[in-house]
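The values are calculated or read from the model by the stated rules, or taken from the named source; none is laboratory data. In this text the structure is predicted, and so the values were computed from the model without any measurement. Quick reminder, even Gly has a Cβ in these numbers, built from the backbone with ideal geometry, and neighbours come from all protein chains shown.
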Amino acid sequence: MQTSIEQTKPSIPAVDVELQPIEGLEMEVIDDYSSRAQWLRAAILGANDGLLSTASLMVGVGAVRKDVKTMVLIGISGLVAGACSMAIGEFVSVYSQYDIEMAQIKRESTAKAEEAMSETNGIEERKGKLPSPFRAAAASALSFSVGALVPLLAAGFINDYKKRLGVVAVAVSLALLGFGGLSAVLGRAPVVKALLRVLVGGWLAMGVTFGLTKLITSFAI
């Protein structure tokens with residue numbers, strides 16, 4: 001009889017109560033890390049863009065003009081123009097995203113106006129997490145400028161033409177390795193493959209710009 005009672009006793013599933021908040025905390029940490037990683041990766045890509053575009057401009061001009069003043073002036077012009085272009089492009093893009101998100105939030109808040117206060121708090125929290133167009137524009141301009149400063153500083157103090165081109169190429173290559181490695185780590189991509197892609201791509205950009213500029217100049221003169 002005792003055995004029969006024990007067999008019919010309802011079984012209560014074991015629930016690890018302490019595991020629930022830990023899992024929630026882990027998901028929050030992962031989301032926070034993912035958000036930061038996206039911003040950092042965007043900043044690194046902006047710096048990489050500034051590095052390559054400015055260096056290619058300077059090397060291209062160096063194909064036909066050997067004085068340091070012209071090369072540095074072209075580099076400064078490329079820095080300013082590129083930073084402004086990046087800032088405006090990022091501002092327009094993020095503002096468009098901001099308008100879309102705000103329109104969606106307004107539609108949801110209108111539809112849920114009569115619901116509980118927790119819903120309103122959730123909507124306000126979503127508004128606070130929307131991207132800032134001004135912050136995105138400033139970050140893009142700053143990261144582009146940081147990358148563009150590498151070839152400018154490398155070329156600005158060397159008068160000899162061949163040495164200047166060599167120093168610019170070496171400085172840009174080292175910076176590409178640094179930016180490419182950091183981007184690969186943040187994106188959890190294979191580091192060696194990422195470094196090779198970035199390095200070969202940078203060399204191609206500078207080489208093609210140098211060769212085509214020299215070719216076009218030889219036909220034009």
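Observations on the structure shown:
- Some residue of the stretch 207-215 being farther than 16 Å from Leu57 by Cβ, over 23 Å from the mean Cα position of the chain (by Cα) and of a type outside the set (Lys, Arg): yes
- Conditions (1) without any contact (Cβ under 8 Å) to a residue 12 or more places away in the chain; (2) over 27 Å from Leu182 (Cβ atoms); number of the one not met by Ala81: (2)
- Among the conditions (1) of a type in the set (A, V, I, L, M, F, W, C); (2) within 27 Å of Ile216 (Cα to Cα); (3) surrounded by fewer than 20 Cβ atoms within 10 Å (Cβ to Cβ), the only one that Val59 does not satisfy is (3).
- Test: residue in the stretch 95-116 that is within 16 Å of the chain's Cα centre (by Cα), modelled with pLDDT under 90 and not hydrophobic (A, V, I, L, M, F, W, C): no
- Inside the stretch 178-221, residues that are closer than 23 Å to Met71 by Cβ and touching a helix residue (DSSP H, G or I) at 6+ places or on another chain (Cβ under 6 Å) make up a count of 8.
- Contact map, the stretch 134-161: first residue free of Cβ contacts under 8 Å to residues at least 60 places away in the same chain and within 14 Å of Leu57 (Cβ to Cβ), second residue aliphatic (A, V, I, L, M) and surrounded by fewer than 22 Cβ atoms within 10 Å (Cβ to Cβ), Cβ cut-off under 7 Å, separation 6 or more or different chains; pairs are Ala154/Val167; Ala154/Ala171.
- Residues in the stretch 140-186 that are of a type in the set (Ser, Thr, Tyr) and farther than 19 Å from Gly82 by Cα: Tyr161, Ser173, Ser183.
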